[in-house]
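Okay, structure first, notes after.
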Amino acid sequence: MEIKAPLFLRNSWNKSILGLLQKTTLGTNGARYQHLNTREIIDDLDNPLFLTLERNNSVLGNVTFCKREKNWYIRYFAFDQIFQRKKSNSINNLNDSSNFKSKKIGLKSTLNNFFEESLKTENDCFYAYIDPKNLRSKFMCENFGFQSIGKLITHSFSRLYPKSAANIEEIVDINEIGNINLKFENHLFYTNFHPKRTNIYALKNERGEIICSARIQKAHWRIESLPGKFGKTWVKIIPFIPILNKLLNPKDYRFLVTDMVFCKDNNPDYLSTFFEGILAQENYKLMLWWIDEKDKLNDLQKKISWGIFKQFLGNPMVDVVTKFDESKKIDFEKTIFVSGIDLI
C-alpha cells in the first residue's frame, strides 16, 4: 500500500508518537482522562502499525493498528489540538490551509483510502471500542463508514480492605489453563496474544481443580473530569470525601483490569472470592472488567456484591464498531472477545 508524505507508516513507535499519545486527553463529553503508563502499554502492543501525519519531523496525528491476522484493532486515534475544532470537537480537514500548507491532502479522504485499500489487500475488518458519548469517536464512525455491531458492559469490583484467599495462585505456565482458554477461541476477534505485563491468576478448590481464572493488567490514569454536569467539580472534591477518596485519587488513578475470565458453573461466590483475592494479592482496591453484554457471565450482575465504586460509576456501555469487507462472511452474532489491554 503506497503512502506518501506527510503520511508515514511505521512498525515501531518513536519519541514523537509517544509524546503525542502521552499528552492526549481522552473523552470529549463528560469523562476526560489521560493514560499515565502509555510507555508500558505501547511497548506491549501486538503487531502494531503506526499511521502518522507528520510535519517538520513532528507527529501531529497518529492512528495505531494492532494487526491480528485478518482483524485489525484500532488502538489509538489521536491528533494534535491544532486539528480539533473547539465547538464541534471534530477533526478539521487538512485541506484548510490555516492548519496545513498542502491543499492536496485531506485527512478524511486519505484515511478513507487507507481503510478501503487495506480491506481489499490485507485484512477483512477494522474494529474499535468507543464511548458512544465521545464526539470524536462519533466523528470517526460517521466519516469513515464504521457501524456498531455490539456493546461491552463495564463492571467495577471494589473493596476497601480486600480479603486474601489461600487457594489463589499465580499461574506461570500458560498451558495450565490451556483447556479453559479453549472456550474463548470461538469468540469474535479472538487473539492468543498475551501481553508481557500480564499476570494470570487461578482459584482452586480443595482437590486442586481450577474453578476460576483470569488475566490481570495494571492501569494508571489521571482523571480530569467525571461524567455528568458536575464532573469537574467531583474531581476537585473527591479527595476530601471519606471512603471514596480511598478508592479514587483523580490525579493518581490506579486500578486493575481483568479479562479472559473463567468461572466454573458461573458461580457468583467463586467469582467474588476470586476477584477479592486478586485485589488483596496485588494490593489494589479496584478492578474493572469489560465483557460483551451477550456473555453468560453477565447473568451474575445481580448476584455479586460489586462494592461501593459501582454505585458511583454504574455500568457504562462501550460500543463495538467495525468497518469490514462485505464480501467476507463475518459472524457478528458471536460473543466478542475482549482483551483488557485494548481498553487501557
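Bear in mind that the values in this text are calculations on the coordinates, not laboratory data. Please read all numbers here as calculations on a predicted model, not as lab measurements. Every residue, glycine among them, receives a Cβ derived from its backbone with ideal geometry; neighbour counts consider all protein chains shown.
Under 15 Å from a point 7 Å along the Cα-to-Cβ line of Thr154: which residues of the stretch 280-308 have their amide N that close? Counting backbone N atoms under 15 Å from the label point, the list is 286-293.
The residues packed around Tyr33, meaning those with a beta-carbon under 10 Å from its beta-carbon, carry a net charge of +1 if Lys and Arg are +1 and Asp and Glu are -1.
Report the number of Lys pairs in the stretch 198-253 whose alpha-carbons are under 27 Å apart, with separation of 8 or more residues or on distinct chains. Taking the stretch 198-253 as the scope, the lysine pair count is 11.
Taking max minus min of the alpha-carbon positions on each principal axis, the chain gives extents of 68, 49, 32 Å, largest first.
Taken along its three principal axes, the alpha carbon spread of the stretch 11-50 comes to 33, 19, 16 Å, from the longest extent down to the shortest. Percent of C-alpha pairs per 10 Å bin in the stretch 153-343, short distances first: 8, 34, 35, 18, 5, 0. Listed by chain and number, the lysines placed with their C-alpha closer than 16 angstrom to that of Lys70 are Lys120, Lys323, Lys328, Lys329; residues fewer than eight positions away on the same chain are left out. Rounded to the nearest whole Hz, the Karplus-based 3J(HN,Hα) values (6.51 cos²θ - 1.76 cosθ + 1.60, θ = phi - 60°) of the stretch 240-257 follow the sequence 10, 9, x, 6, 4, 5, 7, 9, 9, 10, x, 7, 8, 8, 10, 7, 9, 10, with x at glycine and proline. Rg/Rh for the stretch 222-305 (Cα atoms only, Rh after Kirkwood) is 1.03.
Ordering Leu203, Val320, Asn186 by Cα displacement along the dipole of the chain toward the positive end leaves Val320 in first place; charges were set at the Cβ atoms of Lys, Arg (+1) and Asp, Glu (-1). Considering helices alone, the calculated mean residue ellipticity of the chain at 222 nm is -6000 deg cm²/dmol, with DSSP H runs of length four and up weighted by -39500 (n - 2.57) and normalised per residue. Annotation: amide H-H contacts under 5 Å for Arg32 (H modelled 1.01 Å from N, sequence separation of 5 or more, or interchain): Glu224, Ser225, Leu226.
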